[in-house]
Structures are given as C-alpha cells and as structure tokens.
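The values are calculated or read from the model by the stated rules, or taken from the named source; none is laboratory data. Just so it is clear, the structure is predicted and the values come from calculations on it, not from any experiment. Cβ: placed from backbone, ideal geometry, glycine included. Neighbour counts: every protein chain shown.
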C-alpha cells in the first residue's frame, strides 16, 4: 500500500527544488525580522549562546529568557526575552552580534523544518517548506539555494541533530512523568536543569559521579566530562532512564 504524505493546505515541501533568498545589510528590510519576534529557544540554542557570550547557563537564562506554557502543560517552553523596544537583545545597528552562534530558528529561515516520525517505511523523514512573509525582501535577491545547500551554508546539521533528540525528550515530558508532584516539583526541576542549565547539570553530575554509574567506554566518559554537547546528550539519555523511556544507558 502506498503512503501518501499529507501537509497543511498551502504548504508544499521543497524537496530538491531551488529557492531564491539572501539576507545582508544591503537589503532594505535588514534586521526587521529581529524585532517583535516570538522565538522559542531550545537546549542547544542556549548552550551555544551562553558559550558565545562567555556566561554560565543560569545567568543566561535569568537575563535573556522567559518561560511560558507550551503545547502541553507539563513542561515550560523557553522564549527569548526581548528588549523594552521589542528587539532581539543581540541586535546591533550593524546586525547580529551572536551570528556565529545564532539560534536554529534564525539559521533555518526562510525555511521551516518538519519531521515525520511515523512514516510507513518505518524511518524518519524530514521536510522543508519555504516561508513567504511580505516584509521580507530577501526572496527578491538573485541567489539560489536548494535545501541541501542551505543546510550546509547555515551549518544546520548540529542544530537539527540535537533538535531531534530534544523532540524525543519533549514527547516524554508530554506524558507527565512527574505526575503527582505538580508544577515545579523536584523531578521537573531536575529535568529543567538537565535541559537548560548545562553548567548546573555538570556540577550535579560531578558531585553524584553520574557517568561512573554506567557502562561507558573511556573516550565517551571523557567527552561527557569535557564537552557541553556530549553532556547534554548524556543528560537526555539519563532522563529517559529515570522517567521510564527507552534509554541507551546501561547501569553497571
């Protein structure tokens, strides 16, 4: 039986088709999209930004984020906190001051990414759609890309890889694994620390000798100790284990 993928009305995946887009200081609308923006920040976004700014994750969260209720009521969504003028806090007259470590939403634009996790063939499929905001004049620039070349140009591979891991976590959180505690209970606070306070989680992991509790080879353990990204991945797997999900971690 064939599997026909259905998409919202008016949305057609790009596939291998080319699209035209370029954003630079010469475009009349330059930085307009950095104002009055509601932007979700994901764990890897925060990790990259706090390292770019040279601050710890808790300081970054307190200064640059706000919490709102997300698509499910069991875990908060982290949003970028704008300035009083409703601008991105990292926006300067010359443009983005954190461009090398800008969030995934900024990198992906003008595309939107969707992932089908239950296709008929039993494997994940990703789709990209082209946005069309009337204020954005970048679509009129004579520069062509394919999805593949845009992902490469914007260095999206790492962001997408961690985003997929995060989606699995958010799916787990949507089951309310801390049922009975209520909002902001100890288990939810633990999960929030792992996802959004990597420096706090590092201290916790060291104090609890957490990596030593599992069957990890020496090189993996070394990466977890020294690298924020590897620690975040380890933290996701650990949360899956303690909240009843399928984890790759094997206790000793």
For the range 81-109 the number of residues that are over 19 Å from residue 42 (Cβ atoms) and crowded, with 18+ Cβ neighbours inside 10 Å is 1
Requiring at least 1 residues that are assigned by TED's automatic domain parsing to the domain that holds residue 72, the helices (runs of 4 or more DSSP H) wholly within the range 145-231 are 147-153, 157-173
Looking across the range 210-233 at residues that are without any contact (Cβ under 8 Å) to a residue 24 or more places away in the chain and closer than 27 Å to residue 176 by Cα, the single one that is surrounded by the most Cβ atoms within 10 Å (Cβ to Cβ) is 211
Looking across the range 234-248 at residues that are buried (at least 16 other Cβ atoms within 10 Å of the Cβ) and in a loop (DSSP other than H, G, I, E, B), the single one that is modelled with the lowest pLDDT is 245
Taking the range 146-159 and keeping only residues that are surrounded by 13 or more Cβ atoms within 10 Å (Cβ to Cβ) and either in contact with a helix residue (DSSP H, G or I) (Cβ under 7 Å, 6 or more places away or on another chain) or at pLDDT below 95 (or both), one is left with 151, 154, 156, 159
Checked the range 57-80 for anything outside any strand (DSSP E or B) and surrounded by 16 or more Cβ atoms within 10 Å (Cβ to Cβ); matches are 57, 60, 61, 64, 70, 74, 75
message = Going residue by residue through the range 103-115, is there one that turns out to be under 24 Å from residue 191 (Cα atoms) and in a loop (DSSP other than H, G, I, E, B)?
response = yes
